[in-house]
Amino acid sequence: MTTFRSLTALAIGAALLGSTAPLALAETPDNMLVIANRIDDMKTFDPAESFEFAGADVSRNVYEKLVNFDPMDLDAGYEPQVAESWELSEDGKTITFTIAEGHVFSSGNPVTAEDVAFSLHRAVKLNKTPSFILTQFGFSPENVEDRVKVTGENTVEVTLDKEYALSFVLNCLTATIGGIVDKETVMANEVDGDMGNEWLRTNSAGSGPYKVAQWKPNESVMLDLNPNYHGETPPMERVVVQHIQESATQRLMLERGDIDIARNLSPEDVAGLDGVEGVKVVDELRGRLMYFSANQKNEMLSDQKVLEALKYAVDYEGMANSFLKGQYTVHQAFLPLTFLGALEEKPYSYDMDAAKAALAESGFPDCGPIKISVRDAQDRMDIGQSLQNTWGQLGCDVELVVGTGAQTLDRYRAREHDIYLGAWGPDYPDPNTNAATFAENPDNSDEAGNTGYLAWRNAWDIPEMSQKTQAAVVENDTEARAEMYREIQREHQQRSPFGVMFQQIEQNAMDDDVENFVAGGATTAVSYWVITK
């Protein structure tokens, strides 16, 4: 790839931040990372409220947490960050965190035990979308100050409502909502008792390697170094993320040298970069799963043999090697690979003979009409049409019911679908995030309205499996806990109304001098501070 140095670093920075000057024929400065990404989902930088992908990327680089992931060794799991150590009480309900010295907010204020307790209090009291990650441990706005409290100069005591697996609690604290904010700065910007929420939507008050310098919604976000960061100074002094919707535009900008990384390329544009000098593509396994599920209110779809037939009549490899090539891999269990207890076993392959034999043994050998509820998005439509084709070969009359994302979700949450085709991503990096979704249903009644449970959405009544899932979340022996999840998944594969088909592979294209780009794997978000070029 040919690049040019016709623009100064200052001119490039101005152009990236909204100037009308053209970006053509540029090379980004050595100390600046420039990324093209779709960031129109970004609503806030407040860690107590942020629950979108683009916001998580910012938070990961701006806020530290009690425990966090090393971007260069994600497989190692969580490690100490703001907490240098922790102790669990004999009854398993109280965790005492010792806060490390030397961490400093971008304001210059030191990170203290008071900041830690305040951040957790605040996240629970604000009760924004991600608050369930903390309130599932029995915290409420009324009791959180009693259950999370400073007990010494550098210690914070966290008391849970019951004993849980310690790994479960610590994994949840690595989520965005676990970000530690600067109490003094935040409360100085409080308006009408909002605990600084409105101010933190567009500003930051963290101790991570970067701070928010500027945000233009639907255009760009810029991060600058936190001058007080306690760790090694990141090589990239500034990170600029531009909102570029079109894959073809991202590809062109990368080829011209206007950006360092393109994060939303289609399979066609990834393929088009093959052989382009100076460009490389980095594949990374993420946590997003693609699946179909069958409403158990439909008598035919509640027949175990019908479900078995449908699972065998899916062209898994054919889809993965054609229109999904490079961006999804075949996966058939509800825990993404790299999660604790993830299962690699794939008991189903495209086998029309096995599918027809299973259907013949069912109570519905003629395979009556099936409606697949699918969102009008290219990958979903392609998968839906493949299922329509192969299930049609099985003898089923299949219709695609196409709608917007909101329409298909509303139908799904109302339990009005036959088959739902969709995607699911973990809310926090612990196996319970998906186990409690796919394999737990505490109340199957219509009145329960448990739309957060996918088992409930499909009217799958599973009291025994729910008990197994609940037992796994309190098991403190990590390997025993992992085996519990593996066993639940094996049972789930055989008898559930879910057909998990694929796990996402994120393909990021970049200039070949970019090193250490880590999108976050299946457990976290992107890490800018380790990137060099």
One residue from V212, V240 being out of contact with any Cys (no Cβ under 9 Å at 6 or more places or on another chain), open to solvent by 10 Å² or more (accessible area, probe 1.4 Å) and β-branched (V, I, T): V212
message: I'm trying to understand the selection: among the residues of segment 377-410, which are surrounded by fewer than 17 Cβ atoms within 10 Å (Cβ to Cβ) and part of a helix (DSSP H, G or I)?
response: Q378, M381, D382, Q385, N389, G392, Q393, G405, A406, Q407, D410
- line: Inside segment 254-274, the number of residues satisfying the requirement of being surrounded by 21 or more Cβ atoms within 10 Å (Cβ to Cβ), hydrophobic (A, V, I, L, M, F, W, C) and in contact with a Leu (Cβ under 8 Å, 6 or more places away or on another chain) is 4
- line: Going through segment 207-264 in order, the residues found to be under 30 Å from P80 (Cα atoms) and among the basic types (K, R) are K211, R238, R263
- prompt: Residues of segment 471-492 being of a type outside the set (A, V, I, L, M, F, W, C) and open to solvent by 10 Å² or more (accessible area, probe 1.4 Å), which ones?
  reply: E475, N476, D477, T478, E479, E483, R486, E487, R490, E491
message: Conditions first: (1) surrounded by fewer than 21 Cβ atoms within 10 Å (Cβ to Cβ); (2) more than 23 Å from R286 (Cβ to Cβ); (3) modelled with pLDDT of 95 or more; (4) not hydroxyl-bearing (S, T, Y). I505 passes all but one, so which condition is the exception?
response: (2)
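Determine whether A459 is among the hydrophobic types (A, V, I, L, M, F, W, C), in contact with a Ser or Thr (Cβ under 9 Å, 6 or more places away or on another chain), assigned to a helix (DSSP H, G or I) and open to solvent by less than 40 Å² (accessible area, probe 1.4 Å).
Considered against the rule, which asks whether it is among the hydrophobic types (A, V, I, L, M, F, W, C), in contact with a Ser or Thr (Cβ under 9 Å, 6 or more places away or on another chain), assigned to a helix (DSSP H, G or I) and open to solvent by less than 40 Å² (accessible area, probe 1.4 Å), A459 comes out as no.
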- request: Kindly indicate which of S19, S107 is farther than 24 Å from V518 by Cα, in contact with a helix residue (DSSP H, G or I) (Cβ under 9 Å, 6 or more places away or on another chain), in a loop (DSSP other than H, G, I, E, B) and modelled with pLDDT of 95 or more.
  value: S107
- prompt: Does segment 60-76 contain any residue that is surrounded by 23 or more Cβ atoms within 10 Å (Cβ to Cβ), outside any loop (DSSP other than H, G, I, E, B), among the charged types (D, E, K, R) and at negative phi?
  reply: yes
query: Are any residues in segment 72-114 more than 30 Å from T532 (Cβ to Cβ) and among the aromatic types (F, W, Y), and if so, which ones?
result: W86, F97
statement: Taking segment 95-135 and keeping only residues that are more than 28 Å from G521 (Cβ to Cβ), surrounded by fewer than 16 Cβ atoms within 10 Å (Cβ to Cβ) and either of a type in the set (D, E, K, R) or under 28 Å from the mean Cα position of the chain (by Cα) (or both), one is left with E101, E114, N127
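The values are calculated or read from the model by the stated rules, or taken from the named source; none is laboratory data. Note that the coordinates shown come from a computational prediction; the quantities given were computed from them, not determined experimentally. Positions of Cβ are generated from backbone atoms using ideal geometry, with glycine treated the same way; all protein chains shown enter the neighbour counts. Surface accessibility is based on the protein's heavy atoms, side chains included, excluding ligands, DNA and RNA. Shrake-Rupley method; radii C 1.70, N 1.55, O 1.52, S 1.80 Å.
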